[in-house]
Amino acid sequence: MPAICAAREGAAVGGLMSYGANLPDLSRQTATYVHKILKGAKPADLPVQQPTKFELIINLKAAKALGLRLNATFCCLQMR
């Protein structure tokens with residue numbers, strides 16, 4: 001059964017595709033918040049932030065097994 005996940009790891013373990021926030025970038029944003037708090041900023045005073053980088057990952061192996069064909073101009077990352 002095809003699965004669409006929110007993190008790239010879902011496609012890496014056999015899911016058809018994933019679309020979601022880039023987790024390394026999200027970690028960097030979190031580290032910036034932690035740094036500000038450790039320097040004395042009040043968490044309630046910090047602005048709410050949202051992810052800025054998203055990624056679409058297509059598992060070509062799963063797509064092929066399902067009989068799906070992708071256009072050659074479609075940019076994707078093949079999970080191994």
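The values are calculated or read from the model by the stated rules, or taken from the named source; none is laboratory data. The structure displayed is predicted, hence computed values, not measured ones. Heads up, the Cβs are rebuilt from the backbone with ideal geometry, glycines too, and the neighbour counts pull from every protein chain shown.
Tally up the residues in region 62-80 that are within 20 Å of residue 20 (Cβ to Cβ) and either assigned to a helix (DSSP H, G or I) or at pLDDT 85 or above (or both), please.
Of the residues in that region, 2 qualify.
Looking at region 23-33, can you tell me whether even one residue there is out of contact with any Gly (no Cβ under 9 Å at 6 or more places or on another chain), in a loop (DSSP other than H, G, I, E, B) and on the phi < 0 side of the Ramachandran plot? Steps first, answer last, please.
Taking region 23-33 and keeping what is out of contact with any Gly (no Cβ under 9 Å at 6 or more places or on another chain), we get 23-33.
Remaining after also requiring in a loop (DSSP other than H, G, I, E, B): none.
No, region 23-33 contains no residue that is out of contact with any Gly (no Cβ under 9 Å at 6 or more places or on another chain), in a loop (DSSP other than H, G, I, E, B) and on the phi < 0 side of the Ramachandran plot.
Find the residue count for region 37-56, including only residues that are of a type in the set (Val, Ile, Thr) and not in a loop (DSSP other than H, G, I, E, B). Before you say what the answer is, go through the steps one by one.
Narrowing region 37-56 to residues of a type in the set (Val, Ile, Thr): 37, 48, 52.
Now narrow it down to the ones that are not in a loop (DSSP other than H, G, I, E, B): 37.
Matching residues across region 37-56 total 1.
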